[in-house]
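Here is the structure we will look at.
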Amino acid sequence: QRYPDSYIGRAPFNEMAAIYARSRVGANVSTRNDVNMRVFEGLCSGTALLTSRVEGIDDLFAADRDLFLYASPAQLWSQLAYLLSPDGQAVGEQVAQCGQRRCLEQHTYLHRAGALMAAALHRPPEPNHLTGLLALIA
């Protein structure tokens with residue numbers, strides 16, 4: 001009701017990527033108190049992500065540099081209003097760029113697959129994940 005032009009709901013992955021990419025802010029509510037896929041999808045799409053503070057998220061991303069965190073519904077609404085305001089828009093765009101860069105550099109499926117393969121073979125992960133993953137498979 002507060003934001004009638006918002007998209008709330010599920011969509012096929014290719015449509016969801018387009019929805020994220022054209023959004024100024026992506027809001028995520030973690031119902032299981034975990035870092036869910038919406039965190040990575042939103043960040044990779046270049047959206048300023050506003051997500052619930054959950055265990056482990058501080059190990060992956062920096063609050064107010066890569067994404068925005070909230071701890072209560074009141075804080076969610078307050079931060080969302082700020083990010084959609086003229087003053088908050090530039091801040092949101094800057095954080096969205098940082099979050100996208102960090103996600104693409106450190107948190108893609110390729111990064112996870114390489115780390116899993118390295119762990120399974122008791123080797124350290126390779127810095128170049130594609131080369132490292134191919135070397136582990138070969």
(request) Of the options 77, 27, 14, report the single residue whose Cα projects farthest towards the positive end of the charge dipole of the chain (beta-carbon charges: Lys, Arg +1; Asp, Glu -1). (result) 14
(message) To the nearest 20 Debye, how big is the dipole of segment 42-110 about its Cα centre, given +1 on the beta carbon of each Lys and Arg and -1 on that of each Asp and Glu?
(response) 100
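If you roll a 1.4 angstrom probe over the protein chains with everything in place, what fraction of the accessible area of segment 51-117 belongs to carbon and sulfur, to the nearest %?
Values: 2130 of 3830 Å².
Heavy-atom surface of segment 51-117 belonging to carbon and sulfur, 1.4 Å probe: 55 percent.
For every helix of n ≥ 4 consecutive DSSP H residues, a contribution of -39,500 (n - 2.57) applies; sum these over the chain, divide by its total residues, and give [θ] at 222 nm rounded to the nearest 500 deg cm²/dmol. Write down the numbers at each step before the final one.
Values: 7 runs with 75 residues, N = 138.
Helix-only estimate at 222 nm: -16500 deg cm²/dmol.
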(request) Calculate the dipole size of the chain relative to its Cα centre from +1 charges on Lys and Arg beta carbons and -1 charges on Asp and Glu beta carbons; express the result in debye to the nearest 20. (result) 220
(request) Return P(r) of the chain (all Cα-Cα pairs; 5 Å bins starting at 0; whole %; ordered from short to long distances). (result) 2, 10, 18, 20, 18, 13, 8, 5, 3, 2, 0
(message) For the chain, set up a GNM with springs between Cα atoms under 10 Å and report which of 59, 87, 34 has the largest fluctuation.
(response) 59
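Quick one: dipole size for segment 18-68, taken about the Cα centre, charges +1 on Lys/Arg Cβ and -1 on Asp/Glu Cβ, in debye to the nearest 20.
Working: 6 positive and 7 negative charges, 63 e Å.
Here segment 18-68 has a charge dipole of around 300 debye.
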(request) Give the peptides 110-121, 7-18 in descending order of average Cβ contacts within 10 Å, highest first. (result) 110-121, 7-18
(message) Need one number: the % of Cα-Cα pairs in segment 1-80 sitting beyond the 22 Å mark.
(response) 19
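The values are calculated or read from the model by the stated rules, or taken from the named source; none is laboratory data. Since we're looking at a predicted model, the values are computed, not measured. Using ideal geometry, Cβ is built from the backbone for each residue, glycine included, and neighbour counts are taken over all protein chains shown. Keep in mind that these areas ignore ligands, DNA and RNA; they rest on the heavy atoms of the full protein, side chains included. Shrake-Rupley method; radii C 1.70, N 1.55, O 1.52, S 1.80 Å.
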